[in-house]
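The values are calculated or read from the model by the stated rules, or taken from the named source; none is laboratory data. Since the structure is predicted, the reported quantities are computational estimates derived from the model, not experimental observations. As a convention, Cβ positions derive from the backbone with ideal geometry for all residues, glycine included, and neighbour counts pool all protein chains shown. Heavy atoms of the whole protein, side chains included, go into the accessibility calculation; ligands, DNA and RNA do not. Shrake-Rupley method; radii C 1.70, N 1.55, O 1.52, S 1.80 Å.
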Amino acid sequence: MGAHAVDNALGGVEPEKLTTLDSLPRPPIHSLFGWGVFWTMPEVARRHMAKLGERVVVDIPFMPTMVFTTSVQDARAIFLERGGALEFNDALRRLSPHERVLGKDLIDAFGGGQHDQVRRLVMPAFKGRALRGYERAMVEATRMRLETWELDKPVSFYRLMKDLARDVIMSVVFGVTEPERRAALEDALIELDTAIGSAGMMGRYFASMVMKGKWLPFKALDAAIAKVDEVVAREVEFRRATPAEDKGEDCLSMFLMFQQQDGEDGFFDDQILKAFMRMLLLAGYETTATTLGWVAERLVRHPKVMEKLDETLAVGDETYLEAVIAEAMRVRPALPITIRAVEKDCRINDLALPAGTIIVVYVNAIQKAAHAHADPERFDPERFAERRPDPMHWMPFGGGAHFCLGAQLSLMESRVLLRTILERRRFAPDNSPDERQVQHRSLMTLPGKGARVTLLKRD
Ligand code: HEM
């Protein structure tokens, strides 16, 4: 390590007191904590990992060495690091299909010197007044969809939420209401979603890990990307031809405004704009749909919580609903981990990390740590009824410089959608066993049976 450890001040520790990767537990590949178990039985993996210690090295052939940490001090140091020792975008490049779908330029923009500037530029579309402007579209989309949902028999609430969240993101991101243009966008999105979730994509994804981030050709994906881009390009043309006073308050309209502010030689050219729209369309609905699926899966198994939720919503109080959503995200986070690539030898607290490793913040385990929450496995929204979750122990949206751009949007959307659904529908209680947490190809942790819920009409 030598001088590098001091170069990247991620915590002050004398070299002889440094913990090296060699000294950490390193379960063999065939052990319970194999990568396969992590994906197929995430809870088994979590419990096994907890027995090994706070930091565990996972070394899998063809993949970078990964260090899983459940230490909140590590998580904090990782999230607060701003010296270029750790990068989110390079970790995505190495371990997820983001770059293949979004393109190199956009992934570049989410790291290094440009990142802060990009976030500052687009942030106004994801907070405050902009968010309030999206609420009406959310309510309308929910009211339209819920009339089509089957009653009195079990349905996959996650599937319903996926369609609804797609409607919402189309309205919020694109503001497209005209039926023909909306149908074209929906078609393109479904095609892209299907290509990304296909077995062909999965195969190429694994191949890309073996080939250190290189991707085999995949025509179906290229065609789907081209189709979404075409719809975006048509919308851009349409907006540019629309008088300013008739332009909506959706993300695309705002992005076009940001583009103007950024100037002709700015970063925000039409290619980046298209990549951004793809990113919002993709990041924006599967995550929220998964969260809403888990909220319903937890609620039907906790009738007392449901009762209190009904009572509080009936008097227009949404604080308990917020607590229910936060607690569902604690016990069932849609994304179980977040990652950073180690760019240069550095240390996190006392842990020496060589360049090339991936440091994994094990969110799912941190949020269920016994030292942070009483009876941590229990779904108990009361813990957040009086106080907000502590960001040291509640981090479903990550933290620091890369804290999820859509966190406020997604929390607000979850609240508005659930409130609107529960105005007209009830969830029938269900005493069947908890749904298993399964890792999906989209890298999200889904309810094993798709959050089966029986919807009842509210009188
Ligand atoms: C329940 C819903 C969601 C969850 C659980 C979630 C989770 C996350 C997580 C864990 C990260 C990584 C943060 C880190 O490592 O520090 C992230 C980043 C990000 N998310 Fe979300 N997300 C959600 C919804 C959304 C939505 C609705 C959007 C946009 C419309 C969005 C856009 C982004 C973007 C752009 C980033 C990268 C931010 C950066 O690098 O600066 N997410 N999200």
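Overview of results
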| quantity | calculated |
| --- | --- |
| Chymotrypsin sites (Phe, Trp or Tyr not before Pro) restricted to segment 397-439 and DSSP loop, no more than 11 other C-beta within 10 Å | none |
| Residue-wise HN-Hα coupling along segment 446-451, computed from phi with Karplus coefficients 6.51, -1.76, 1.60 (Hz; x: Gly, Pro) | 9, x, x, 9, x, 6 |
| Under-5 Å amide H pairs with Cys346, H placed in peptide plane, nonlocal only | Leu353, Ala355 |
| Percent RCO, i.e. relative contact order, over segment 270-413, from Cα pairs under 8 Å lying at least 6 residues apart | 24 |
| Alpha carbon centroid spacing (whole Å) that separates segment 144-169 from segment 335-392 | 32 |
| Charge dipole (debye, nearest 20) of segment 347-459; +1 at Cβ of Lys and Arg, -1 at Cβ of Asp and Glu | 480 |
| Farthest positive-ward along segment 3-457 dipole, Cα basis, beta-carbon charges - from His302, Trp149, Pro336 | His302 |
| The chain - charge dipole about Cα centre, Lys and Arg +1 at Cβ, Asp and Glu -1, debye rounded to 20 | 1040 |
| Per residue accessible area of segment 3-457, 1.4 Å probe, in Å² | 44 |
| Calculated P(r) tail over 37 Å for the chain, as whole % of Cα pairs | 27 |
| Distance between segment 204-255 and segment 276-290 - C-alpha centres, whole angstrom | 12 |
| Computed label-point distance, nm, for sites Gln260 and Glu311 using a 7 Å Cα→Cβ extension | 5.2 |
| Per-residue [θ]222 nm for the chain (sum of -39500 (n - 2.57) over DSSP H runs n ≥ 4, rounded to 500) | -15500 deg cm²/dmol |
| Sites Asp269 and Ala370, calculated FRET efficiency, Cβ-Cβ separation with R0 35 Å, nearest 0.05 | 0.10 |
| Thr19 versus Glu150: modelled label distance in nm, points set 7 Å from Cα along the beta carbon direction | 5.1 |
| Karplus (6.51, -1.76, 1.60) ³J(HN,Hα), θ = phi - 60°, over segment 399-405, in Hz, Gly and Pro reported as x | x, x, 4, 9, 2, 2, 5 |
| Order by protection proxy (mean Cβ within 10 Å, highest first), peptides 320-331, 304-315, 363-374 | 320-331, 363-374, 304-315 |
| Members of Lys51/Lys344; Lys162/Lys212; Lys162/Lys227; Lys308/Lys457; Lys153/Lys457 lying beyond 23 Å, as alpha-carbon distances in this model show | Lys51/Lys344; Lys162/Lys212 |
| HN-Hα J in Hz across segment 176-190 - Karplus 6.51, -1.76, 1.60, θ = phi - 60°, x for Gly and Pro | 8, 10, 4, x, 5, 5, 5, 5, 5, 5, 4, 4, 5, 5, 5 |
| Built amide H within the under 5 Å cut-off of Arg425, gap 5+ | Arg458 |
| Accessible carbon and sulfur surface of segment 3-457 relative to its total accessible area, %, 1.4 Å | 55 |
| Whole-percent pair-distance distribution, where bins are 5 Å wide, for the alpha carbons of segment 99-159 | 3, 13, 12, 13, 11, 14, 14, 11, 6, 3, 1 |
| Long-range Cα-Cα pairs in segment 305-376 (distance over 14 Å), rounded percent | 71 |
